[in-house]
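Enquirer: I have a structure I would like to understand better, so I am pasting it below and will then ask my questions one at a time.
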Amino acid sequence: MARRMGVEPLFINHKIFPDGENYIRVTGEVEGETVAFVQTTAPEPDRKLMQAFLLARTLGDLGARRVVAVIPYLAYARQDKRFLRGEALSLDVVLGLLEASGVSDLVVVDVHNEESLSNLENNHRLRVTNVSAVNLLAGYMRDTGFQGALSLSPDLGRRGVVEKASKVLGGGMAFFEKTRDRVTGETAITGGSVEVEGRDVVVFDDIISSGGTMSKAIQALRELGARRVAAACTHVLPVPGAFERLRNAGAVRVVATDTVESSYETVSVAGLLAEALQGLDR
Ligand code: R5P
């Protein structure tokens, strides 16, 4: 990102004490500067968030004029509503803590639900920019053998995403419907009328965690006669067994971005983030 923006990156000293606490030290000069720090929040979301809070506050203490948090994968964003009475509104808490640590701007990639994020943003002074990696992912799939493939979402709620993807891939779009048991967390995928016989399909989602959602969608597509099915997501979380689950379901490719480090086939969001930073009002 720094190279693309033509600025010098500053690296920090960091260690973890034997009891698990974090130590952060900023060694460069930041006084009077706008500083963007980059900290994704997987694996170990709690630790990574704590590091972000420590770093943001320290940059402010050192006199940074403005502290921008670039959090490519924002953990806790899926709990963006109270689905059951008494649940913690996790996304709101995280936004509040970032703000309290001195962050004035937050840049994220494909947050789970942009509308919820905008609603919660109103509770805070923090300005949030959500960058979409969908065109990047779809363009990569198009250029690597999936031109003309159907773009499919396992979830009706992600209509906007597949609309964008289908414009790039040029093969139309379709949806399954996902329902979740709010107590057990179990999900089910329905929507067996999608026409996919003999077609290539790319299933787009924001996150692959356990791989459950994606593998159910892939399996359903294979049963409906799809030729090749690939999975494309923005954030791949390091949950053991997910990749095998997707392969066993019949995924010919699993592609993600580098918002979270992984051994998957990835496309980099560095350029998108650099553009977003350059676009922030100064
Ligand atoms: C949830 O609604 C998200 O959009 C993803 O579909 C979900 O987080 C994927 O999780 P898993 O891989 O565990 O099914």
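Enquirer: Mind checking which of Lys167, Lys15, Lys216 has the largest fluctuation in a GNM of the chain, springs on alpha carbons under 10 Å?
Expert: Lys15
Enquirer: Moving on to the next point. Report, in deg cm²/dmol and to the nearest 500, the calculated mean residue ellipticity at 222 nm for the chain, where each DSSP H run with n ≥ 4 adds -39500 (n - 2.57) and the sum is divided by the residue count.
Expert: -9000 deg cm²/dmol
Enquirer: Also, I was wondering about something else. Mean-square fluctuation check for the chain, GNM, Cα pairs under 10 Å: which of Thr34, Thr144, Thr234 is largest?
Expert: Residue with maximal mean-square fluctuation among Thr34, Thr144, Thr234: Thr144.
Enquirer: To the nearest Å, what is the center-to-center distance of the range 129-156 and the range 1-59, using C-alpha atoms only?
Expert: 31 Å
Enquirer: Would you please calculate the Kirkwood hydrodynamic radius of the chain over all C-alpha pairs and express it in Å, rounded to one decimal?
Expert: Here the Kirkwood hydrodynamic radius works out to 19.9 Å.
Enquirer: If you don't mind, another one. Using a 1.4 angstrom probe on the protein heavy atoms only, line up His235, His112 by accessible area, largest first.
Expert: His112, His235
Enquirer: Can you give the Rg and Dmax of the range 121-254 based on its C-alpha atoms, in angstrom?
Expert: Looking at the range 121-254, its Cα Rg and Dmax stand at 15.0, 51 Å.
Enquirer: Report the residue, chosen from Leu98, Leu59, Leu272, that carries the largest GNM mean-square fluctuation when the chain is represented by alpha-carbon nodes joined by springs under 10 Å.
Expert: Taking springs between Cα atoms under 10 Å, the residue moving most is Leu272.
Enquirer: Give, rounded to the nearest 20 debye, the magnitude of the charge dipole that the range 188-247 has about its Cα centre when Lys and Arg contribute +1 at Cβ and Asp and Glu contribute -1 at Cβ. Spell out each step's value before the answer.
Expert: Numbers: 7 positive and 7 negative charges, 35 e Å.
That gives a dipole near 180 debye.
Enquirer: Relative contact order for the range 134-267 using alpha-carbon pairs under 8 Å, separation at least 6, rounded to a whole percent?
Expert: 21 percent
Enquirer: Treat each spin label as a single point 7 Å out from the Cα along the C-beta direction, and report the Glu261 to Arg65 distance in nm.
Expert: Distance between label points: 3.3 nm.
Enquirer: In whole percent, what relative contact order does the chain give with Cα contacts below 8 Å and a gap of six or more residues? Intermediate results must be reported in sequence, preceding the final value.
Expert: Values: 561 pairs, mean separation 39.5, N = 282.
Computed value for the chain: 14 percent relative contact order.
Enquirer: Also, I was wondering about something else. Two decimals is fine: what is log10 I(q)/I(0) at q = 0.17 Å⁻¹ for the range 1-120, from a Debye sum with one equal scatterer on every Cα and no solvent?
Expert: Results for the range 1-120 at q = 0.17 Å⁻¹ read -0.90.
Enquirer: List every residue whose amide H lies under 5 Å from the amide H of Val107, counting only residues 5 or more places away in sequence or on a different chain, with H placed 1.01 Å from N in the peptide plane.
Expert: Ala69, Val70, Ile71, Thr129
Enquirer: With a point put 7 Å past each Cα toward its Cβ, work out how far Thr187 is from Val252 in nm, to one decimal.
Expert: 2.4 nm
Enquirer: Using a Förster radius of 25 Å, what is the FRET efficiency between Ser268 and Glu177 based on their Cβ-Cβ separation? Nearest 0.05, please. All intermediate terms of the calculation are to be shown ahead of the outcome.
Expert: Values: r = 32 Å, r/R0 = 1.29.
For Ser268 and Glu177, the calculated efficiency is 0.20.
The values are calculated or read from the model by the stated rules, or taken from the named source; none is laboratory data. Treat the numbers as computed from the prediction; the structure is a model and nothing was measured. Please note: Cβ atoms are built from the backbone with ideal geometry, for glycine as well, and neighbour counts cover all protein chains shown. Accessible surface is based on the protein model in full, side chains and every heavy atom, while ligands, DNA and RNA are left aside. Shrake-Rupley method; radii C 1.70, N 1.55, O 1.52, S 1.80 Å.
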